[in-house]
Structures are given as structure tokens and as C-alpha cells.
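Trainee: I'd like to ask you about the structure that follows.
The values are calculated or read from the model by the stated rules, or taken from the named source; none is laboratory data. Computed from a predicted structure; not experimentally measured. Cβ placement follows ideal geometry from the backbone for every residue including glycine, while neighbour counts extend to all protein chains displayed.
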Amino acid sequence: MKNPNHIHWRWFPILCLIGLFPMGCSDPKPPEAPTPTKDVAVPTAAPGQTFHVDRIPDQARQRIRIEEVKERLTPHSVSAPGNVALDLAQVAKVSSRIPGQVDKIMVQLGERVQKDQPLAAVESMRLDELVQEYLVAKSKVDVANSNFTRTKQLLAEHIISQRRFLEDRGQQIEAQAVYQHVREKLLNMGLSEQELQQLEHGSHLEGHKYLLRAPLGGTVVNQKIVLGQGVAAGDELFEIVDTSRVWVFANLPIEQARRFQEGDQGQIIPRGGDPVTARLTYIAPVADATTRTIRVRFDVKNPKGRLKPNEYVEVRLIDQQQPVLSIPTSALTMLDGVRGVFVQRETGYDFVFVETGQQGGGLVEVKQGLKLGEHVVTEGVFDLKNAIMKTSIQGE
């Protein structure tokens, strides 16, 4: 049997350690809170309240510039998103006026063409038939004219009867009508006056071909034919556009659109490009039923092709209103969240709260806070603000 005293002594060190454990794990003393420092008072401004500045360093005083509060036109800028579109007067879709087969293509997609430049040659039996009709009609009208001229001479000499004169006159009118009808058909199919004259002098269209010509100068942006392709009358073969003049459309709220009229000048501002001056040429007479806005259009000269049809731009119009009390925008500043200006007085400068209106062209309308003839600081505003802050700190 073991000695009881021996067991108690074996556990004695462990009990001592347990008793000492709380002493090493006690919470540290929390740090003392820092002693609060005294806040520096910052001047606050409110409508109707002013702050006076009279102690200004000479160097800062030399930087101060003032300007008189006047009534003047304050241009107001109206901006809206717009998009560039083709001027429809600068677009041409070239189609065949007679059935036939494409014999030759003279231009390709993307090429620049001039007005009346040949685009393609179409071989057509129908054209040959009309040419034959035209030449026969021309021959008949020449004979009829010659006969009628001789008949008039014979009638004047009383050699023929009045009846013979009227018969020859009727034949001349009939021949002239047939000739004119066939001639108009060929002109409508694209033949020129010069080509008809060449036909009359014996030059035939080789192989029953006629040329499709460009109705305007521009760039070929669409081509729908290949060699040997059969075409029908009315088939669109080419599309030509001239982007030296484009349209720019925008939508303005009704109340803004009322301020402008056709002929006003505006600016078109492309992304990453220089502004382009343009004339307002169209104001829609009816508002959009969904957006309740007015669609406007500008005619824009685009000789270098910088504006691309279907790109987005910014449209800007300047609203020239009646003269209002205004000051340069450089005079405005913020003092403790309040917008105002520094006004020159006999003994210094006062910071005065102002209520402003429309802004544009470097000017801002003043609705409240200033009077006509007062002088406001336009340069050196920052120096006056510093002077107010220094005075406030020294006072504390």
C-alpha cells in the first residue's frame, strides 16, 4: 500500500502552477484617451452674410483684378447627344433601266468617282431594238420636214392645193411625234444627248451595250454585280455617297427647342475631334410621341470626311437671351460650402453670397446678391480667401 503523503506531494507543483496562471493573463490597462485639442474656428457664410477683408499683403494686392457688374448678353449653352447621317441629296442608287447582261465593270467598291463617270456596261438586245427604231424615226422625220418645206414653197406659188399642204403637214407632225417618243425612251434609259447625236451621225452602240454612269461624284459604298450577271430593269447595281456634306440630328426638350429658330448657328463636337460650326436647318413641327422632344437637324460641311455617318456626336447651341446682370465666372468661389464673390469696398473687400442663373461664354447670370455698378474681384480670389482664414486663426 502506497503512502498517502507521497501522493499529495506529487501533485503539489501542478497545483501551484494553476494558482499562478491568472496572475500572468490579466488584461492590460486600457490606454488613456488623448486630451482633446481646441478646434480652430472656420468662418461660415450664409445668404445675406458678408466677411470683410482689409489686411492684405502688398504682393497679393498686386494680383487682384476687378470688373464691374453689368447688364449684358449671357450666352446659354444647350447641349444634346446627336448622330451623323448621310445628306440624302448626296446619295445615289444606280440601277439598270433595261434588262441585259453585265459585260464590263469599270469601278470597284470604295473607289472615288466623278459625276457622269462610267460605272459598268450592260449588253442588251432591247437597247439595239430601240436604237433601230430611233434611227428609222429620225430618217422619217427628216424626210417629212424636207417634204413640208417644199410643200410650203409650192403652196406659195399656187402650184399645189391646200389639201396637199395639210396632208404633208400632218405627216410631218406624225413623224416628229414618233421620233420624239423613241428619243425620250433612250434618254430615260440613260443615254446622253451626246450619245444620241453620235447615233444620228452613224456611230452605233457596239454589241448592244450602254453605259451606267455616276449621277454624282462620291464614293462607291455598295456594289451588287459581277461580270456576266443578268440584270432586270430596276435592279440596284451600285450605291454612291458624297460625305462632303452631312446631316446631324439631335432631340431637344420642347422648352429648349422653342428658344431657337432655323438659321441659328450651332457646334458639332465629335469625340476626340475639333468642334465644327454648322447651321440649324430644320426644326420638327411635331414632337416625338414617346420622348416628347423636338427633332432638329444641322447641315454640316465635311470636306475632309472627319464626321462619319452613324457616329455619335455632341450638339451644342448658344441661346442669346435678353441682357441680364452678369459677372465673369472667374469671380465665383466657394467659402465653407457657400458660393459667392468678393466685392470691392472703400476699406477692403467683402465676401458676398450670390444666387446665379444661366452660364455660358465665360459669363454667369446673377439673380441675387449684387447690384449694377458694383465691382467684383475676378483675379486674386484665392489670396482673399487666404486672408480670411488667417484672420480667423489669429482671432482664436
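Trainee: Within the bounds of the range 361-368, is there any residue that is closer than 14 Å to GLU67 by Cβ, of a type outside the set (Val, Ile, Thr) and loosely packed, with under 14 Cβ neighbours inside 10 Å?
Mentor: Scanning the range 361-368 turns up at least one residue that is closer than 14 Å to GLU67 by Cβ, of a type outside the set (Val, Ile, Thr) and loosely packed, with under 14 Cβ neighbours inside 10 Å.
Trainee: Mind telling me which of the residues ASP58, ASP54 ends up being farther than 30 Å from ALA175 by Cβ, more than 46 Å from the chain's Cα centre (by Cα), loosely packed, with under 15 Cβ neighbours inside 10 Å and touching a residue at least 60 places away in the same chain (Cβ under 8 Å)?
Mentor: Details: ASP58 fails: touching a residue at least 60 places away in the same chain (Cβ under 8 Å).
Of ASP58, ASP54, the one residue that is farther than 30 Å from ALA175 by Cβ, more than 46 Å from the chain's Cα centre (by Cα), loosely packed, with under 15 Cβ neighbours inside 10 Å and touching a residue at least 60 places away in the same chain (Cβ under 8 Å) is ASP54.
Trainee: Counting only residues that are surrounded by fewer than 17 Cβ atoms within 10 Å (Cβ to Cβ) and either touching a residue at least 40 places away in the same chain (Cβ under 8 Å) or within 30 Å of ALA120 (Cβ to Cβ) (or both), how many does the range 136-177 have?
Mentor: 1
Trainee: Something else about it: Kindly indicate which of LEU191, LEU127 is within 53 Å of the chain's Cα centre (by Cα) and part of a loop (DSSP other than H, G, I, E, B).
Mentor: LEU191
Each row is one residue, and each column tells you yes or no for (1) small (Gly, Ala, Ser); (2) more than 30 Å from GLY266 (Cα to Cα); (3) assigned by TED's automatic domain parsing to the domain that holds GLU68.
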position: ALA331; (1), (2), (3): yes, no, yes
position: LEU335; (1), (2), (3): no, yes, yes
position: GLY340; (1), (2), (3): yes, yes, yes
position: THR347; (1), (2), (3): no, yes, yes
position: PHE351; (1), (2), (3): no, yes, yes
position: GLY373; (1), (2), (3): yes, yes, yes
position: ASN386; (1), (2), (3): no, yes, yes
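Trainee: Turning to a different aspect of this structure: Quick one: in the range 214-266, which of the residues that are in contact with a Pro (Cβ under 6 Å, 6 or more places away or on another chain) and within 30 Å of ASP128 (Cβ to Cβ) is surrounded by the fewest Cβ atoms within 10 Å (Cβ to Cβ)?
Mentor: Taking the candidates together, the pick is ALA232.
Trainee: Does any residue of the range 200-210 turn out to be farther than 22 Å from GLY100 by Cα and touching a Gly at 6+ places or on another chain (Cβ under 9 Å)?
Mentor: Scanning the range 200-210, I find no residue that is farther than 22 Å from GLY100 by Cα and touching a Gly at 6+ places or on another chain (Cβ under 9 Å), so the answer is no.
Matching residues to (1) modelled with pLDDT under 90; (2) part of a loop (DSSP other than H, G, I, E, B); (3) among the aromatic types (Phe, Trp, Tyr):
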| residue | (1), (2), (3) |
| --- | --- |
| SER330 | no, no, no |
| PHE342 | no, no, yes |
| THR347 | yes, yes, no |
| THR356 | yes, no, no |
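Trainee: Okay, next question. In this structure, does VAL377 turn out to be assigned to a strand (DSSP E or B), farther than 30 Å from LEU252 by Cα and of a type outside the set (Ser, Thr, Tyr)?
Mentor: In short, yes.
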